Amino acid sequence: MATHGARGRSGGRPTLEEVAARAGVGRGTVSRVINGSPRVSDATRAAVEAAVAELGYVPNTAARALAANRTDAIALVVPEPETRFFAEPYFSDMLKGVGAALSDTEMQLLLIFAGSDRERARLAQYLAAHRVDGVLLVSVHADDPLPDLLAQLEIPAVISGPRSAAETLPSVDSDNYGGARQAVEHLLSRGRSRVAHITGRLDVYGAQRRVDGYRDAMSDAGLGVDEGLIEAGDFTEEGGHRAMTVLLERHPDIDAVFAASDVTAAGARRALRDAGRRIPEDVALVGYDDSAIARHMEPPLTSVRQPIEEMGRRMTDLLLTEVADRRPLASRGLERRQMVLATELVSRSSS
């Protein structure tokens, strides 16, 4: 009687040849079944699958990958310092989505930081050796050379948001423009009129689009755009505190603030309290991301929810499709996709 997990004739792991002998087929047929080829009859497929189960055969994925010129690994590349990655919920939520999308695959995930020139140089050497099948790029800045390097090396890549309106790489992003408009229109509907905006890093296209949404919402409301109500931030808490302090000095009559991230809003909240301003009685506050920070802030923060985990899943699915497509990358130019996912305003006590 056959037993599951049986050893091969040599006493070691069962081999492809032993599976073929048990199923009564050739070695090539077994290989086609294991690799999911449609060029096998249902009866033959069933016989091979039964032999695999009886012998406890485990395919050698490393050998399969080598034969297919694949590594069965993708990299999540973060061109930011490690400290920012672990401090901001955006990155952990993105990682959750990527992990969920890979859970039913044989792909391994490598997390690579490239926040310094030295790290970027090391990454360039690593990528040039083609040690991964594809790359997910998050937090990409307009002048980042990594996307162009990946295109030059013919390595499939997907980025979390385009670098510009003319982006050529596949990307997945949330509706930054629409989300910003939702935030400002919400504040205006609450009777606020002196609405300030603390931006994100303006070399990030998503931050630029949030500024565009802010400007258009203010203009469409007939309030015009006062450039003095816009202050540059960098998505950090300290950046939010600094920008809010500058705004209060410049315009003490501010009655609302739209911050480009929840982390930025946390810094703005601290500056407002330092100045003796009550939230929301004196100044209403809205953030962006709807992270755990928003829910746990006092008062709880109104925030624009972007589906970050879903973005991570969609990016990974898109990359796996790109990896499976064996055509040269240059020949796929017209099929490159930019996905934009909807945002949602979550109203809480801060506004």
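The values are calculated or read from the model by the stated rules, or taken from the named source; none is laboratory data. Since the model is a prediction, treat every value here as computed from it, not as a measurement. Counting neighbours? That spans all protein chains shown, and the Cβs are built from the backbone with ideal geometry, glycine included. The protein model used for the area step is the full one, side chains on, heavy atoms only, and it has no ligands, DNA or RNA in it. Shrake-Rupley method; radii C 1.70, N 1.55, O 1.52, S 1.80 Å.
Residues that are within 21 Å of Pro162 (Cβ to Cβ), open to solvent by 30 Å² or more (accessible area, probe 1.4 Å) and in a loop (DSSP other than H, G, I, E, B) within the range 173-229 comprise Asp175, Arg201, Leu202, Asp203, listed in sequence order.
Residue check: Val25 meets all listed conditions (1) assigned to a helix (DSSP H, G or I); (2) at pLDDT 90 or above but one, namely (1). Of all residues in the range 165-213, those satisfying the criterion of being hydrophobic (A, V, I, L, M, F, W, C) and closer than 14 Å to Ala259 by Cβ are Ala180, Ala183, Val184, Leu187, Val195, Ala196, Ile198, Ala207, Val211.
Checking Ala101, Ala142 one by one, the residue that is under 21 Å from Pro162 (Cβ atoms), buried (at least 19 other Cβ atoms within 10 Å of the Cβ) and either touching a residue at least 24 places away in the same chain (Cβ under 8 Å) or in contact with a helix residue (DSSP H, G or I) (Cβ under 8 Å, 6 or more places away or on another chain) (or both) is Ala101 and no other.
Cβ-Cβ contacts under 6 Å between residues 6 or more apart (or on different chains), taken from a first residue in the range 149-167 that is over 20 Å from Arg209 (Cα atoms) to a second residue that is in a loop (DSSP other than H, G, I, E, B) and modelled with pLDDT under 90, are listed as Ala157/Leu169.
Contact map, the range 121-134: residues that are within 12 Å of Pro156 (Cβ to Cβ) paired with residues that are part of a loop (DSSP other than H, G, I, E, B) and open to solvent by less than 90 Å² (accessible area, probe 1.4 Å), Cβ distance under 6 Å, separation 6+ or inter-chain. Pairs shown: Leu127/Leu153; Val132/Thr71; Asp133/Arg70; Asp133/Thr71; Gly134/Pro156.
Looking across the range 210-265, the residues that are out of contact with any strand residue (DSSP E or B) (no Cβ under 7 Å at 6 or more places or on another chain) and either more than 21 Å from Ser193 (Cα to Cα) or not assigned by TED's automatic domain parsing to the domain that holds Gln182 (or both) come down to Asp234, Phe235, Thr236, Glu237, Glu238, Gly239, His241, Arg242, Val263.
Is one or more of the residues making up the range 150-159 charged (D, E, K, R), over 20 Å from the mean Cα position of the chain (by Cα) and modelled with pLDDT under 95? Yes - at least one qualifying residue is present in the range 150-159.
Restricting the range 261-305 to residues that are part of a loop (DSSP other than H, G, I, E, B) and charged (D, E, K, R) leaves a set whose member that is least open to solvent (accessible area, probe 1.4 Å) is Asp290.
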